[in-house]
Amino acid sequence: MSQTSDLVAARVRDVPDFPKPGVVFKDIAPLLSDGAAFRSLVEDVARRYADQVDVVAGIEARGFIFGAPVALALGVGFVPIRKAGKLPGDTIASAYSLEYGTAEVEVQADAFAPGARVLLIDDVLATGGTAAAACELIERGGAEVSALEFVIELGFLDGRDRLADRPVNAILTV
Ligand code: AMP
């Protein structure tokens, strides 16, 4: 394991049966509240993508927490991918299925420059449905997904399989 994955492993708290029975919630609050660990994680991610991406996109809400400081460290812009109904103006939407029902993510239609190389960031890769829908938005918006970066991957859910051959990295896979 790398030093950064050790940091994450030590500072992410497992909360059983939240938000519902059977789910082990990965609580990133202890990681965020440790300033040195948070900075080290952001710097580690930014170092790996220096000069390789034009923009960072983060998925609401916890993808914003990691995505925005990575964008700042890289000196590129940040695009929020939001839950449906939050963004003004022309938007592109993508629906995806959850265990019960469906959800929808949206991005502003003019968010990406044509051909922009996008680094997509979220906290947890679980089934991959959210990230796959976000990739679809980026690509329909005329940009390309250069890489996907997650703090934690729940490997047993095989979320990567839904992301086709796009490059995926997780700091810690459990
Ligand atoms: P999925 O679409 O199944 O890959 O779920 C990913 C989204 O749900 C991410 O935005 C996560 O923040 C959240 N999520 C899913 N499972 C968990 C979990 N066990 N702990 C914390 N967040 C989760």
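The values are calculated or read from the model by the stated rules, or taken from the named source; none is laboratory data. Remember, it's a predicted structure, so these values are computed and weren't measured experimentally. All Cβ positions, even for glycine, are placed from backbone atoms using ideal geometry, and neighbour counts span all protein chains on display.
Considering only region 114-135, I want to know if a residue exists there that is surrounded by fewer than 20 Cβ atoms within 10 Å (Cβ to Cβ), in a loop (DSSP other than H, G, I, E, B) and within 15 Å of the ligand (Cβ to nearest atom).
Yes; the residues of region 114-135 include at least one that is surrounded by fewer than 20 Cβ atoms within 10 Å (Cβ to Cβ), in a loop (DSSP other than H, G, I, E, B) and within 15 Å of the ligand (Cβ to nearest atom).
Any idea how many residues of region 93-113 are surrounded by fewer than 20 Cβ atoms within 10 Å (Cβ to Cβ), assigned to a strand (DSSP E or B) and in contact (Cβ under 8 Å) with a residue 40 or more places away in the chain?
1
I'd like to check something: does region 57-80 contain any residue that is outside any helix (DSSP H, G or I), in contact (Cβ under 8 Å) with a residue 60 or more places away in the chain, surrounded by fewer than 19 Cβ atoms within 10 Å (Cβ to Cβ) and not aliphatic (A, V, I, L, M)?
No; the residues of region 57-80 include none that is outside any helix (DSSP H, G or I), in contact (Cβ under 8 Å) with a residue 60 or more places away in the chain, surrounded by fewer than 19 Cβ atoms within 10 Å (Cβ to Cβ) and not aliphatic (A, V, I, L, M).
Looking at (1) surrounded by fewer than 14 Cβ atoms within 10 Å (Cβ to Cβ); (2) more than 18 Å from L120 (Cβ to Cβ), which one does S5 not meet, given that it meets all the others?
(1)
Filter region 18-33 down to residues that are away from the ligand (no atom under 11 Å from the Cβ), outside any helix (DSSP H, G or I) and over 19 Å from G67 (Cβ atoms), then give me how many there are.
Residues meeting the conditions: 1.
Could you tell me whether region 85-92 includes any residue that is at pLDDT 95 or above and within 16 Å of the ligand (Cβ to nearest atom)?
Within region 85-92, one or more residues are at pLDDT 95 or above and within 16 Å of the ligand (Cβ to nearest atom).
Looking at region 64-81 only, could you name the residues that are more than 17 Å from A37 (Cβ to Cβ), aromatic (F, W, Y) and under 11 Å from the mean Cα position of the chain (by Cα)?
Passing the criteria: only F64.
Taking region 136-160 only, how many residues are more than 12 Å from the ligand (Cβ to nearest atom), in a strand (DSSP E or B) and closer than 27 Å to G85 by Cβ?
Adding up the residues that qualify gives 3.
Find the residue count for region 161-174, including only residues that are in a strand (DSSP E or B) and either modelled with pLDDT under 95 or not small (G, A, S) (or both).
Number of matching residues: 5.
Any residue in region 40-50 that is farther than 15 Å from L119 by Cβ, of a type in the set (A, V, I, L, M) and modelled with pLDDT of 95 or more?
No, region 40-50 contains no residue that is farther than 15 Å from L119 by Cβ, of a type in the set (A, V, I, L, M) and modelled with pLDDT of 95 or more.
Which of the residues belonging to region 56-84 are within 15 Å of the ligand (Cβ to nearest atom) and either acidic (D, E) or more than 17 Å from A134 (Cα to Cα) (or both)?
E60
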